[in-house]
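> Below: one structure in structure tokens.
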Amino acid sequence: MLDRGTTVEKAVTSYVRSGQTLMVGGFGRGGVPFTTIKYLADNATDYRNLTLIKNDANEPGIGIDLLLKQGQVKKLIATHIGLNPDFIRQMNDGEIECELIPQGIFAEKIRAGGAGIPAILTDIGLGTEVAHGKATYEMEGKTLLVEPCMRGDVALICADIADNAGNAWWRGSNRNMCVVMGTACDRVIVEAKQIVETGNLKAEDIHLPSVFVDVVVPAGPLPHGEL
């Protein structure tokens, strides 16, 4: 793990590269690593050709939209894009590839990736575009889709509180996909709204243990106020 006091700049330059697959936490505005994303956007020439795995496309002007509108992303894998009409236009114009996955399957594919499970079986999506090009498996008289797990090179997630060892805690629904993403990537950058001394978080309150985390960085001021 990088030393305590590591900046967003040092964390990103240590682990993120052009062409990588990044899992980005958050849904809407909760759990989104806005500070880390802004650093990537402010240094756009250094971080390009990215594949992003994120629950949604954020709203125009915040979050990963900063990366989308600058052409830093080649593909977005998501469950919901309806709040970002700018991205919908980019998708329809063929500027960025988009893969939409049912939200429950999205979460389970990431969980499987973190658990070392190569694929899951499901009947969700059979007979729809979701099943296009995917293998099927017959079991007990039922046809099931084979959904490969999802893993990433680097997870970018935002916790409400993290300690200096990397243990992280979320308030309410801010947790969303952050915890499973933290288990399913080779490197994990936790952006924390509050960083406390190791031992201040009770063991039973820790959602993501430090063993998964490579670095904790402080969150900067949010572009839209506190959540």
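> Give me the percent of DSSP beta bridges within the chain that run antiparallel, rounded to the nearest 5.
The antiparallel proportion sits near 30 percent.
> Rounded if a/c is under 1.5, else prolate if a/b is larger than b/c, else oblate: which is the range 87-157, with a ≥ b ≥ c the root eigenvalues of its Cα gyration tensor?
Oblate, because a/c is 1.5 or more while a/b does not exceed b/c.
> Enter the Cα centre distance for the pair the range 1-62 and the range 168-227, rounded to the nearest angstrom.
The range 1-62 and the range 168-227 have Cα centres separated by 14 Å.
> Still on this structure, please answer the following. What does the chain give for Rg and for Dmax, in Å, if only its C-alpha atoms count?
Looking at the chain, its Cα Rg and Dmax stand at 17.6, 56 Å.
> Let me ask you something else. Using the structure shown, list the pairs from 54/202; 38/134; 75/109; 54/142; 10/74 with a Cα-Cα distance above 27 Å, or answer none.
54/202; 38/134; 54/142
> Using amide H atoms built 1.01 Å from N in the peptide plane, name the residues 5+ places from residue 187, or on other chains, whose amide H lies under 5 Å from its own.
Long-range HN contacts for residue 187: 154, 155.
> For the range 115-155, calculate the relative contact order in percent as a whole number, restricting contacts to Cα pairs under 8 Å that are 6 or more residues apart.
46 percent
> Here's another thing I want to ask about it. Starting with the fewest neighbours, write out 68, 22 ranked by other beta-carbon atoms found within 10 Å of each beta-carbon.
68, 22
> On to the next question. Remind me, relative contact order of the chain in percent, using alpha carbon pairs under 8 angstrom and six or more residues apart?
About 24 percent, as a whole number.
> Considering amide H positions built from the backbone, and no H for Pro or chain starts, which residues 5 or more places from residue 20, or on another chain, come under 5 Å of its amide H?
So residue 20 has HN proximity to 51.
> Going by the alpha-carbon gyration tensor, a ≥ b ≥ c the square roots of its eigenvalues, is the range 75-200 rounded (a/c under 1.5) or, if a/c is not under 1.5, prolate (a/b greater than b/c) versus oblate?
Here the range 75-200 falls in the oblate category.
> Could you list 173, 210, 14 so that the one with the fewest beta carbons within 10 Å of its beta carbon is first and the one with the most is last?
173, 14, 210
> Let me ask something additional. Using r as the Cβ-Cβ distance of residue 117 and residue 74, and R0 as 25 Å, what FRET efficiency do you calculate, to the nearest 0.05?
0.40
Every number in this text was worked out from the coordinates using simple rules, so none of it is lab data. Please read these numbers as outputs of a predicted model, since none were measured by experiment. Virtual Cβ from ideal backbone geometry, glycine too; neighbours counted across all protein chains shown.
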